[in-house]
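Remarks on the structure that follows.
Bear in mind these aren't lab numbers, they're just calculated from the coordinates by the rules spelled out. Computed from a predicted model, the values in this text were never measured in an experiment. Note that each Cβ is placed from the backbone with ideal geometry, even for glycine, and that neighbours are counted across all protein chains shown.
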Amino acid sequence: MLDITLLIADDEEELIENLKYDLEKSISKIIVAENGEEALKKLKSNKVDCVLADINMPGKNGLVFAKEAREWGYQLPIMFLTAHGDDHLMKNALSLNAFDFIDKPYEKKTLLDILQEAASESKAMQKDIARDETIDSEFKRSYLLMLKE
């Protein structure tokens, strides 16, 4: 089992239920948001190690969510779910340091492999933040304390 908290942001209730069913035995904690706005709120109020976000959602889409999360200083792996292989959207996601892209419908084994890599990356990022002397110490302290909650 991966000892991580995964935030899933998607507006398709059936997909969320399938993801939760497929991942509940492999991920220690799953938090769900129906759109980018709700995902931002949950990111601020929970310890989150990795994010799995749909690109196309009503209101704040996955790209806006990722942009704002990065602006807030969150350096965590963000993977994008997409049913549309739109090059423009993928270029935008890459500019926001997207960790990976997962096609809908997803393959469970592929998704679990990507989440394993993301979990390792998340732990490495947390260590890097703790050691980085250029990051404001107050931000670093609050960010790392939140991650330990």
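List the pairs from Lys29/Lys127; Lys44/Lys109; Lys20/Lys104; Lys41/Lys108; Lys60/Lys109; Lys20/Lys91 whose alpha-carbon separation is above 26 Å, in the order I gave them. Don't skip to the answer; put the middle values down first.
Values: Lys29/Lys127 21 Å; Lys44/Lys109 30 Å; Lys20/Lys104 15 Å; Lys41/Lys108 28 Å; Lys60/Lys109 29 Å; Lys20/Lys91 28 Å.
Pairs exceeding the cut-off: Lys44/Lys109; Lys41/Lys108; Lys60/Lys109; Lys20/Lys91.
To the nearest 20 Debye, how big is the dipole of region 1-132 about its Cα centre, given +1 on the beta carbon of each Lys and Arg and -1 on that of each Asp and Glu?
Values: 17 positive and 26 negative charges, 123 e Å.
So the dipole magnitude of region 1-132 works out to roughly 600 debye.
Evaluate E = 1/(1 + (r/R0)^6) for Glu107 and Glu71, where r is the Cβ-Cβ distance and R0 equals 41 Å; express this FRET efficiency to the nearest 0.05. Mind dumping the intermediate values first?
Values: r = 32 Å, r/R0 = 0.79.
Step by step, r from the Cβ atoms, then E = 0.80.
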Long-range HN-HN contacts of Phe101 with modeled amide H, under 5 Å | Phe80
Once a ≥ b ≥ c are taken as the square roots of the eigenvalues of the Cα gyration tensor of region 24-133, is the result rounded (a/c under 1.5), prolate (a/b larger than b/c) or oblate (a/b not larger than b/c)?
-> rounded
For Asp87 and Lys41, calculate 0.36 nm times their separation in residues minus their Cα-Cα distance, and state this gained length in nm to one decimal.
-> 13.7 nm
